[in-house]
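J.: Please see the structure below; I have some questions.
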Amino acid sequence: MKIAALFSGGKDSTYALYVAQQRGWEVSNLITIVPSEYDSMLYHVPNIHLAPLLSECLGIHIVSREAGRGEDEEIRALREVLVGLQVDGLVMGTIASDYQKSRVDALCHDLGLRCFAPLWRQNQASLLADYLSAGFRILITGVAAEGLDESWLGREIDDKARLELLELNEKHGLSPCGEGGEYETLVIDGPNFLMRLHIIEARKDFKGSSGIYEVLRAEAVQKDPRRGGQM
């Protein structure tokens, strides 16, 4: 099975890619669509500029395409990329968005491709634990929910943070995986990374009840074998 992976650099698309690799599928390409609008309903936006650098860390060729305004143009951009690739299917990291899944499913069906969503409708608390158990290092890069203040920006999701997110789920109804837009993420290392992402410079911008952690400069660096490949 030769597939492409819809990839943003966030935790869900990165883990879906990993699941595909664990199944023995050949992931020949990463596909990154860059929306014109920050509040895209289809694609992850924060720190999307790091996707090419993450493709270097993963050792997988990336095809990036800018999209016009609106969901139809965003789907058109994905169609144009898929038409140019020799793959059997597409893997995506969607968990709960019926809109995203239905649009991408319809596109793949139209192109005669299989569409895989290995995280679809899975328990989010369990998924979050799975990400950490697999060895992924995940930073929070955006917050927009009650209980998530500026201190969460740039914070790594370790087991302590995971438990705090579950507490916020019980207290405020926060989606454990941020599926309601409560938070955004960036993966900087993992078991399928050949190199890790090292952040050189970043800035926090928090206003009112939301904020972003914008990575200004980063590089791909060698992993430390003395720490199981992670630093």
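J.: Tell me whether the range 37-53 contains one or more residues that are of a type in the set (Phe, Trp, Tyr) and either modelled with pLDDT of 95 or more or touching a Gly at 6+ places or on another chain (Cβ under 6 Å) (or both).
T.: No - not one qualifying residue is present in the range 37-53.
J.: Please enumerate the residues belonging to the range 132-177 that are closer than 22 Å to VAL19 by Cβ, in a helix (DSSP H, G or I) and of a type in the set (Ser, Thr, Tyr).
T.: Correct list: SER133 only.
Conditions tested, residue by residue: (1) under 24 Å from LEU50 (Cα atoms); (2) assigned by TED's automatic domain parsing to the domain that holds GLN100; (3) hydroxyl-bearing (Ser, Thr, Tyr); (4) at pLDDT below 95.
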| position | (1), (2), (3), (4) |
| --- | --- |
| GLN124 | no, no, no, no |
| LEU128 | yes, no, no, no |
| VAL143 | yes, no, no, no |
| GLU146 | no, no, no, yes |
| GLU150 | yes, no, no, no |
| ILE157 | yes, no, no, no |
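J.: Now, a different point. Counting only residues that are crowded, with 17+ Cβ neighbours inside 10 Å, out of contact with any Asp or Glu (no Cβ under 9 Å at 6 or more places or on another chain) and in a strand (DSSP E or B), how many does the range 182-209 have?
T.: 5
J.: Answer yes if at least one residue in the range 39-48 is touching a residue at least 24 places away in the same chain (Cβ under 8 Å), among the hydrophobic types (A, V, I, L, M, F, W, C), surrounded by fewer than 19 Cβ atoms within 10 Å (Cβ to Cβ) and farther than 25 Å from VAL215 by Cβ, and no otherwise.
T.: No, the conditions are met nowhere in the range 39-48.
J.: Quick one: in the range 62-107, which of the residues that are in contact (Cβ under 8 Å) with a residue 24 or more places away in the chain, in a helix (DSSP H, G or I) and not aliphatic (A, V, I, L, M) is surrounded by the most Cβ atoms within 10 Å (Cβ to Cβ)?
T.: Only one residue tops the list, namely GLU74.
J.: Taking into account only those residues within the range 108-132 that are closer than 21 Å to VAL187 by Cβ and small (Gly, Ala, Ser), which is surrounded by the most Cβ atoms within 10 Å (Cβ to Cβ)?
T.: Among those residues, the one meeting the criterion is ALA117.
The values are calculated or read from the model by the stated rules, or taken from the named source; none is laboratory data. On a predicted model such as this, the values are computed, not experimentally measured, just so you know. A quick note on method: Cβ atoms are made from the backbone with ideal geometry, for glycine too, and the neighbour counts reach across all protein chains shown.
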